[in-house]
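Heads up, the thing below is written out as structure tokens.
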Amino acid sequence: MRWLIAGLVLVWGVFTAFAYLVVLPEEQAGEELMRAYTSVAEAIEADATVAGPGVEAKVAAFVAAWRERAGGALPDDLETLWSMEADTRRPLLVAFREAFQEIYGFGIEDAPTLVWSTDDNPARQVQCQLFREWHLLNYGTPADIVTDPSNRDITKAIVQCVAGKGPDLIESYGPEQLRQFVESGVALDVTEAAQEDGFGLDMAFEAAKPSMATRGPDGEWRQYAFPCNVGYTVLFYHQDLFEAAEVAKPRGPWSVEEATATARRLIDHAEREGTRRFGIMNLGAWDMGVHAGGRFFNESATASLYNTPETVRGLTAYHDMIYRDDVAPTPAEAASVAAAGGATMNAGAEAASASSLFAAKVAAMYVGGRWEYVSLAERNRDRVILPAIARRLAEDSLDDETRQLLIEARETIRQDVLLPISDEAHAAMNAALTDEDRAGLVRLGVAHVPTAIGAPTYNAGARVALVNRSSEHVDLALRFLRFLGSEAYNEQINQTYDSICGVPAFTLDDDGISGPPRALPGLEEMDSPVFVEAMDEWARSEQISPFITRTRLGELVGPVLEDLQNDALGPAEAARLIERRINEQISANLRRNEMLRGRWEAIVGKAFDPDPSLYLPDQLEETEHSRSAFRERMLRVIDDKQRQAAEAAVGKADGVSGSDSFGSPAAASGVTR
Amino acid sequence: MIGSGRKRLLIALLFLLPNLAGFLLFTAGPVVFSLYLSFTDTSLTEHNRYSDASPRWVGLDNYARLLWGDESVFFWDYFWNTVFLMIGIPLSIFGSLALALLLNSKATPAKPKSRWLLSGVAAAFTLIACFGTWVLAAPDEAARAVMSTETGLTDLTVYEVQTLRRNGLTLFVGLVGVVVTAGLGIGQMFFRAAFYLPTLLAGVAMFLLWKTLYRPRGGLINAVLDPILGAVETMVEATPAWLWYGLGIATAALGVFLSVRLTVTGVGRLRHGDVGPAAFGTRVMLTLTLLASMVGLGVVLAQLPAKALLPSGYLPLTPEQSDRALASFEGELGGEYDELEFTAVRSNFERGPAFEDLVARLASIKSEEATARVQRHVAETTRRAAEEGVLSREEAVASVEAFIAEFDVASAPASQLRELVADPDRTPQLRVLVDAMSVALVRTFGERIADVLDPLAPADGAAFTKAGAGRAIDAVAEAFAGEFEPAAIEAVRRELTTVAYRDAYSQLVSIAGEDNEAAVAAILTETASRDRAGLTAGAGLEPPEWLISSRWAKTALIIMGVWLGIGGGNMLLYLAGLSNIAPELYEAAAIDGATGWQRFIHVTWPQLAPTTFFIVIMSTIGGLQGGFEQALVMTQGKADTIVLTYYLYNLAFNGNFQLGLASAVAWIMFAIIFAMTAFNFRFGSRMTNE
């Protein structure tokens, strides 16, 4: 036995030594930087003005050193490196590393490297490469970046950072997470740097500001981050279902009543065909209350004034859609049609499983995000487009040029639905689809989310990158934030359907949302300007309060809305309960925390009465934070939004011949007065 | 000899040093630190290297907040959730014991030849069963072109759905057969390993599997429950209600009788010294459980039929009841609310449907009938079923004209139909034509209804009041006597002319204030009609919504916990305990003429007392600490499934970072577990020794 154990240990040791000494993984390091250098050199050669001051000379000097080290093996056209075999390229990589050492005085392993804790989306690698190229193009010096998906969680990030060991760049989602990073001292204040380097607050969408910056006691915004993208959801619908039912396709702005009537007609049509289908899916009670003009807090966030007629109207609309009008699924129905491990309750029907349900036409309309393009495109690709291309390629009569284009399209989309296809290949792919093929596609339409007041509201947040104040590469990290404001990065976000970018200047071009590749057939509406309109004109940031954490807010509100979703509570009662619970919690926090109490009193302008029997909003009477003053201002806001919506809705209805716009109940009965 | 005592001690400590150092550094140290944290207001975001503030000593403030302060609502709610989930522990223990007894019995032949013979027979039966299932459940070839209409399966053809079901059923039959075959062939060892398997599988995987099983529609559990409940419903509806009342009362009475008898017997035995107080206590607990179960069953049985004994709620308020309620409200609470708001509430109560909505709603009653009539018409005129493909333009035009004439279709929908079939470039599919004709028929009916309603409609295009809508519906029902199902008309009336009890309640309370909640409740209970629907009324007996429903989610977790716990470590401990019981005891009992049950009560159960004692203690400790993974994976804390450990995690890490408060939760849990363990030791060991 002891000889067996010794033998096993010996074998293990040999393999380990082999892996470390012979495989030489560090020989592969630097390939990304090498790619950056070749891209930048080619870009400068094409147009020298793209480079920053002095960069052309630096890059040229580096390439010269590289050529010298490569002993003439380096091709004149550096881009051809990447079509070489890996074995052929390896000596050039070695030469690159040697030139790197010579020029910069340190090895590639010691190149300044940022650690970016982000998700493991494949697009991040493309964005990292873009950063390497961008940095080289703008500054003439190398910078590397690696992603760290395993430490994305906010708890891990804060714990690591306060321990002095955190990533250089941390992602934060929404105002509450930013507040936690700022309060913990982890986030670096970049206000002055942003002003100097041109990635200030004014570059981003207005609704994204609270996700990037916090407002101090003096009312001044202090910036801590810059958006990677902005997140919100719009309404998707199946164009073919609308056409079959002869219902006018929506675009919005439109009201819940109109949406309900439309959904009803679609459901009735489906039932006549013997299919059970939901009208609309994934609308949430939380959002609908806010969309109707409800607010969890007053403007100063000193108390909750959630129980208003506007909120009740929104919650009633949500409840009625499920239980009176039967156009949206109950939580049980939504959970039933969800795949295992995927969706949760009605409004929480999440990501992949919910979009696959929508793709399977379980619902005619669905509230989702632009990021769902990938799953829908893959479905169209696998079920319709690739078989259509294969069928066309099998035809003897096909000319060579078209054949080549179809093969190009096929190989590209097989690899990744997000890769750009040439216009000619895209046209050939489209031409290969018959009417029957098109009937099998998911043909998506995009519209504004309906609301109880008829004017859209989007609770938008931003995924932002902030700098760890303990980072060893603060200057480089700040340059990364500047990179996030660049055209190249923002176009890449748009191209990969990662929602839309956070900089309005780079969102639209003449064809819709900016940048190739063109969407696959059926999903052209994913480039609709509705996405930008939503963010530009109708989005607002989620409201938070310094007097109650977002987590505790969720713990208080969640069970009540759950009861509403399950028809165990009415809308008015839900609104009343929610307001009471939030105010009780704020009062408890103020009683306990002296600093918080001082802050509250400074805002309100009067002393806080700790008597537990005194209702918090009652303490705000006769101040500008009172319920009546708040309601008056909110009603004005609602009026303005409705006026704006009415103007926007004119001429935007896309009717189907023979039917009324939006499919009102009157149209369903054929009767009008 | 190693040396003096002190030297020996030193050597021993040196050997233990690595372990001790690890324990002190990684276990004892953090435990002591967490105790310190529990007396401070430490927050990760406020007290770290970047902050000038230091944690403040708050003494017992964290404990006070949790036990009776602002966090007490959450703490006690989650504590009772934890305790509730422990209901499954006795079931799991008894289940493990039963399983161990079964696995300890000689169910399979001892001789290998006999086992293999039986195994061969079982294998043959399995093959026959699989083949039979495959043949009998063969999909319908004609359904290849028909798309499925089942929710969630509309992407597949009926043939594909049937194929999937056939494959699944065959697999299931085969699996059962393989288990029986292998068990007979290998013996008890196979069954022991099979029952132990769930314990080896990753917890998260099991939770996700159970989440699928618990799907309210389409989950396996409800798929099995649905037909059973449907059969019960049919049986109840086919039998007189008094039978179920009698059965319910008899069951409850029997439960009371048995409980009294058991208690009296137990008291007698206690007085005579046959049993000790601990055993008597156990008897009392079991008796109470029996009483609660049988009385509960009796209530359920009595509630099954419609018009059951106990009212289940309140019906929606009719317009007359709404008026009475508002009048009472004004009279009793006048001056305690804002008049404008009261006017708004009155308006909500009175406001009924718009003219067009009422017409549409009444017309939609005829939708199904319209479709059926159209399908018959199309079949007669085209001699094809509605699913069959595309008509020629001439066929379509002829069918439409015949339809318009036969059903006297109104002019507007008739024009649309003609337009649909007139386009030479567009020959509609038969299904589209059937659909368009159905809509036209409903619209025609709508116009007839509108003609009846027009004189009754409010002026200036205003909406009906609820009372007015009720009168309008009566007029329509009279004008179209015999054309509407009474139930359908009543459904429309209920929907459009009543105010839901709960909505009335919440609207009145919102203007009167919470202080007047009791008065509002009194006004409405006096005014509204009680609903005496039984369990089989309305929607009938529905399977539970399990993880979605806060009423059933914890029960679902208990059932899963029992299933997971039965075949696990407890079963192994009992198997070991059973193998340690001296066979002479059983022989002696057999000689004395003891039955199987008497042998269990007087030999097996007492001999297993130490094992049971250990299992109860460990299960209690585990139960108080458990529920975290289930809450995280299966419900994300929704449906009232948050337990103390999940609460602790939320406080410490999930956005709150309140380390001081979370540590206090941990130490309170420690105190509870310690107290319960001490209680178990004190009274449980006494039972063990009796």
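The values are calculated or read from the model by the stated rules, or taken from the named source; none is laboratory data. Just so it is clear, the structure is predicted and the values come from calculations on it, not from any experiment. Glycine also receives a Cβ, built like all others from the backbone with ideal geometry; neighbour counts cover every protein chain displayed. SASA here: full protein model, heavy atoms, side chains in, ligands and nucleic acids out. Shrake-Rupley method; radii C 1.70, N 1.55, O 1.52, S 1.80 Å.
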Worksheet entry | Flag if A:GLU192 is open to solvent by 10 Å² or more (accessible area, probe 1.4 Å), away from chain B (no Cβ under 11 Å) and without any contact (Cβ under 8 Å) to a residue 60 or more places away in the chain | yes
Worksheet entry | Index of the failed condition, B:ARG373 passing every other in (1) over 29 Å from B:ARG144 (Cα atoms); (2) surrounded by 16 or more Cβ atoms within 10 Å (Cβ to Cβ); (3) at pLDDT 80 or above; (4) within 13 Å of chain A (Cβ to nearest Cβ) | (1)
Worksheet item: Any chance the stretch A:221-236 includes a residue that's surrounded by fewer than 21 Cβ atoms within 10 Å (Cβ to Cβ) and in a helix (DSSP H, G or I)?
Response: no
Worksheet item: Any idea which of (1) surrounded by 14 or more Cβ atoms within 10 Å (Cβ to Cβ); (2) within 12 Å of another protein chain (Cβ to nearest Cβ); (3) of a type in the set (D, E, K, R) is the one B:GLU514 doesn't satisfy?
Response: (1)
Worksheet item: Can you find a residue in the stretch A:167-176 that is modelled with pLDDT of 95 or more and β-branched (Val, Ile, Thr)?
Response: yes
Item to complete: Please tell me if B:VAL499 is within 8 Å of chain A (Cβ to nearest Cβ) and either among the aliphatic types (A, V, I, L, M) or surrounded by fewer than 22 Cβ atoms within 10 Å (Cβ to Cβ) (or both).
Response: no
Worksheet item: Which residue, of A:GLY274, A:GLY284, A:GLY289, is surrounded by fewer than 24 Cβ atoms within 10 Å (Cβ to Cβ) and in contact with a helix residue (DSSP H, G or I) (Cβ under 8 Å, 6 or more places away or on another chain)?
Response: A:GLY284
Discussion item. I'd like the full set of residues that are within 14 Å of chain A (Cβ to nearest Cβ), surrounded by fewer than 21 Cβ atoms within 10 Å (Cβ to Cβ) and either in contact with a strand residue (DSSP E or B) (Cβ under 6 Å, 6 or more places away or on another chain) or not acidic (Asp, Glu) (or both), limited to the stretch B:528-548.
Written reply: B:GLY538, B:ALA539, B:PRO543, B:PRO544
Practice prompt. Kindly indicate the residue of the stretch A:533-553 that is over 13 Å from A:ARG295 (Cβ atoms) and assigned to a strand (DSSP E or B) and also least open to solvent (accessible area, probe 1.4 Å) among those meeting that condition.
Written response: A:ILE548
Response to the item:
Checking A:ARG463, A:ARG479, A:ARG469 in turn, the sole residue that is within 13 Å of A:PHE199 (Cα to Cα) and not acidic (Asp, Glu) turns out to be A:ARG479
Practice prompt. Inspect all residues belonging to the stretch A:133-150 and state whether any of them is in a loop (DSSP other than H, G, I, E, B), without any contact (Cβ under 8 Å) to a residue 40 or more places away in the chain and surrounded by 17 or more Cβ atoms within 10 Å (Cβ to Cβ).
Written response: yes
Item to complete: Please work out if A:GLN177 is within 14 Å of another protein chain (Cβ to nearest Cβ), open to solvent by 10 Å² or more (accessible area, probe 1.4 Å) and outside any loop (DSSP other than H, G, I, E, B).
Response: yes
Practice prompt. Could you grab me the full set of residues in the stretch B:380-396 that are open to solvent by less than 50 Å² (accessible area, probe 1.4 Å), modelled with pLDDT under 75 and not in a loop (DSSP other than H, G, I, E, B)?
Written response: B:THR382
Discussion item. For the stretch A:171-190, which positions are within 15 Å of B:ARG49 (Cα to Cα) and hydroxyl-bearing (Ser, Thr, Tyr)?
Written reply: A:SER184
Worksheet item: In the stretch A:250-267, which residue that is assigned to a helix (DSSP H, G or I) and open to solvent by 40 Å² or more (accessible area, probe 1.4 Å) is farthest from A:PRO450 (Cα to Cα)?
Response: A:ARG264
Worksheet item: On the given criteria, is B:LEU557 closer than 30 Å to B:SER92 by Cβ, open to solvent by 40 Å² or more (accessible area, probe 1.4 Å), of a type in the set (A, V, I, L, M) and more than 10 Å from chain A (Cβ to nearest Cβ)?
Response: no
Fill in: B:GLY593 more than 14 Å from chain A (Cβ to nearest Cβ), at pLDDT 90 or above and at positive phi
yes
Practice prompt. Consider A:ASP218 carefully, then state whether it is more than 14 Å from every other protein chain (Cβ to nearest Cβ), in a loop (DSSP other than H, G, I, E, B) and either acidic (Asp, Glu) or touching a His at 6+ places or on another chain (Cβ under 6 Å) (or both).
Written response: yes
Discussion item. Testing B:LEU25 on (1) surrounded by 12 or more Cβ atoms within 10 Å (Cβ to Cβ); (2) at pLDDT 90 or above, one condition comes back false. Which one is that?
Written reply: (1)
Item to complete: Can you run down the residue pairs with Cβ atoms below 7 Å, 6 or more apart or on separate chains, where the first is in the stretch B:480-491 and of a type in the set (D, E, K, R) and the partner is open to solvent by 40 Å² or more (accessible area, probe 1.4 Å) and in a helix (DSSP H, G or I)?
Response: none
Worksheet entry | Yes/no for B:THR525 being within 32 Å of the chain's Cα centre (by Cα), away from chain A (no Cβ under 14 Å) and either among the hydrophobic types (A, V, I, L, M, F, W, C) or open to solvent by less than 30 Å² (accessible area, probe 1.4 Å) (or both) | no
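To keep it simple, each residue is scored yes or no on (1) surrounded by fewer than 16 Cβ atoms within 10 Å (Cβ to Cβ); (2) modelled with pLDDT of 95 or more; (3) more than 14 Å from chain A (Cβ to nearest Cβ).
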residue	(1), (2), (3)
B:ALA609	no, no, yes
B:PHE628	no, no, yes
B:GLY637	no, no, no
B:ASP640	no, no, no
B:LEU661	no, yes, no
B:ARG686	yes, no, yes
Response to the item:
Taking the stretch A:268-297 and keeping residues at pLDDT 90 or above, over 17 Å from A:GLN543 (Cα atoms) and either charged (D, E, K, R) or part of a helix (DSSP H, G or I) (or both) leaves none
Item to complete: Could you check how many residues of the stretch B:62-89 are surrounded by fewer than 17 Cβ atoms within 10 Å (Cβ to Cβ), under 17 Å from B:SER663 (Cα atoms) and in contact (Cβ under 8 Å) with a residue 60 or more places away in the chain?
Response: 1
Worksheet item: So, of the residues in the stretch A:578-613 that are within 10 Å of another protein chain (Cβ to nearest Cβ), open to solvent by 70 Å² or more (accessible area, probe 1.4 Å) and not in a loop (DSSP other than H, G, I, E, B), which turns out to be nearest to A:VAL557 (Cα to Cα)?
Response: A:ARG581
Worksheet, complete the sentence: Considering residues that are away from chain A (no Cβ under 13 Å), over 39 Å from the mean Cα position of the chain (by Cα) and in a loop (DSSP other than H, G, I, E, B), the number found within the stretch B:322-359 is 4
Discussion item. Criterion first (touching a Leu at 6+ places or on another chain (Cβ under 9 Å), in contact (Cβ under 8 Å) with a residue 24 or more places away in the chain, more than 13 Å from every other protein chain (Cβ to nearest Cβ) and at positive phi) does A:GLY293 satisfy it?
Written reply: yes
Worksheet item: If you go through the stretch A:396-418, how many residues are in a helix (DSSP H, G or I) and small (Gly, Ala, Ser)?
Response: 1
